[in-house]
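The next block holds one structure in the form of structure tokens; read it before the comments.
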Amino acid sequence: LAHHGRALRLQLPPEQHRQVVSAALRRPPRHGRGPLLLYLLDVLELPDPVLPQLPALLGPDVPAAGLLVVGNKVDLLPADSPGHLGRLRQRVVAACAQAGLREAPLVDVRLVSAKTGFGLEGLVSRLQRSWKCAGDVYLLGATNSGKSTLFNTLLRSDYCKSRAPDIVDRATVSPWPGTTLNLLKFPIINPTCDRIFRRQERLKEEATKTEDQLSSEEKKCLNHLKKQGYLVGEVGRTFQRQKSSPVVDFDPDMLSYSVDEDPKHSPRKREEREEFTYNEVKDARWCFDTPGIVKENCVLNLLTEKEVKLVLPMHAIVPRTFILKPGMVLFLAALGRVDYLQGEKPAWFSVMASNLLPVRIATLSNADAIYEKHAGQELLKVPMGGEERMKEFPPLVPQDITLKGIGTTEAVADIKLSSAGWVAVTAHEEEKLLLRAYTPKGTALVVREPPLLPYISTIRGARIAGTAAYRTKKPPSLVENLKTVGKR
């Protein structure tokens, strides 16, 4: 994985993952204080399937001093209305309460993007302000929630000792579940008054910059991130390690040789890996990256590594909206299907899934034939591998859903097709809809009410003549800690 970006097919039982994490949390408190638990959840996965397991994972004998819940991957979601981040945060807070975390010492709930850096400077400031350097910190979360990406970003932020990035191994980042197989850690910097002041001065200075004032390298990096996410933030460092200038060994005898003699190469000195000194770490507090807890009843568990890469969104999701009449069917690849069985009027179905997954529209009369013919083939794309692949793939299992519309601009519910994505349903006020949704056998189908992005159907272009589809529209990106000048 470290050298080729590929992981072996790992089949670790969920119970084994929990035992590793639970054992780590049950270590005797160091420095006289229990650890802070930094729980990372994927906002696309709400309701988070692992969050309700957290109280049992901690148990009565875990002396946790605090819990900070971080909603990740907000960069992938477009702003469907003003204040959408506040609404998302409220959904995460509600999910914590529903999971039985009311009694836990909940420090805060934050929204970030570990990938694009959005919200991370705020998270570092929050950790330094409330937790300071009181005890160790454990990163917890389900597989694919972005823990390893967050670990690597924090490693290169003001939260970590300045010399550590040259010494500490980076966490392996992979779409394959369960690839953080041991507890990686880095030492947390002590946020003294002087350091906090210097950090605040840097953040103030950076907030006054515009994109035009960035270096060409910074602009290039920023544009790359803007293509990948809607919300972007730069994570900088206040405390840079002073690197000594490299000493060049000069041996004149090695450079002088006669015409008939080949130059001799001196044997290379083995580069010694840097290590921390005893004084640097004797009283250190550490941030640990723990193995991801495997999600049960998840469609990703049925897929190959290549298929997982297509299903997990890596770039900002562009909503795809369709207007369907009763008797029409929507396919999301070969991983999910929504049938519009009964209703008086057309309704809008907005798909929020990886941009690489195809959406196909059919009629009830030919939907089964289309699935039979094209599942495993290019038209439906995932799963891939033809008839042989589909023989081992579970069949789609139906679930009937009844909804009542609340208006033509606001979705009534999301039909979440396991981890493949979801379909937000918008219908006329008081309009009753009978739908039938399908996901592969053994995976979870969830009707999410209220929907995560209720006004998502409004983010669309003009209707494409002769089809059920609207043109897609990608909203602009927003950069968090730069001054905006004029139009975007």
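Between amide H atoms placed 1.01 Å from N, distances below 5 Å from Gly141 occur with Leu40, Ile293, all of them 5 or more places distant or on a separate chain. Computed extension length for Ala94-Lys483: 136.7 nm, one decimal, from 0.36 nm per residue of separation with the Cα-Cα distance subtracted.
Suppose R0 equals 51 Å; then what is the FRET efficiency for Glu387 and Glu205 from their Cβ-Cβ distance, rounded to the nearest 0.05?
On the way: r = 61 Å, r/R0 = 1.20.
Plugging the Cβ-Cβ distance into 1/(1 + (r/R0)^6) gives 0.25.
The stretch between Met314 and Gln16 holds 104.4 nm of extra length on full extension. This uses 0.36 nm per residue minus the Cα-Cα distance. For Met314, the accessible surface of its heavy atoms amounts to roughly 80 Å² (probe 1.4 Å, protein chains only, rounded to the nearest 10). Think of a 1.4 Å ball rolled over the protein heavy atoms: the range 304-478 then has 43 Å² of accessible area per residue. Check the straight Cα-Cα distances from Lys161 and name the lysines below 22 Å, setting aside those fewer than 8 residues away within the same chain. Hits, sequence-local ones excluded: Lys115, Lys132, Lys147, Lys185, Lys204, Lys243, Lys282. Quick one: if the Förster radius is 25 Å, what FRET efficiency do Leu379 and Arg436 give, using the C-beta to C-beta distance and rounding to 0.05? For Leu379 and Arg436, the calculated efficiency is 0.70. Remark on Thr321: its backbone amide H falls under 5 Å from those of Val351, Tyr470, a criterion applied only to residues 5 or more positions apart or on other chains, H modelled at 1.01 Å from N.
Compute the length gained on full extension between Leu364 and Glu218: take 0.36 nm times their separation in residues and subtract their Cα-Cα distance, giving the result in nm to one decimal.
47.4 nm
The count of lysine pairs in the range 304-478 that are at least 8 places apart or cross chains, and whose C-alpha atoms lie under 16 Å apart, stands at 13.
Set the Förster distance to 41 Å, then compute FRET efficiency between Glu296 and Lys325 from the Cβ-Cβ distance, nearest 0.05.
Working: r = 37 Å, r/R0 = 0.90.
Efficiency at R0 = 41 Å is approximately 0.65.
The values are calculated or read from the model by the stated rules, or taken from the named source; none is laboratory data. The shown structure was predicted, so the numbers you read here are calculated from the model rather than taken from an experiment. Using ideal geometry, Cβ is built from the backbone for each residue, glycine included, and neighbour counts are taken over all protein chains shown. Just so you know, the surface numbers come from the protein's heavy atoms only, side chains and all, with ligands and any DNA or RNA stripped out. Shrake-Rupley method; radii C 1.70, N 1.55, O 1.52, S 1.80 Å.
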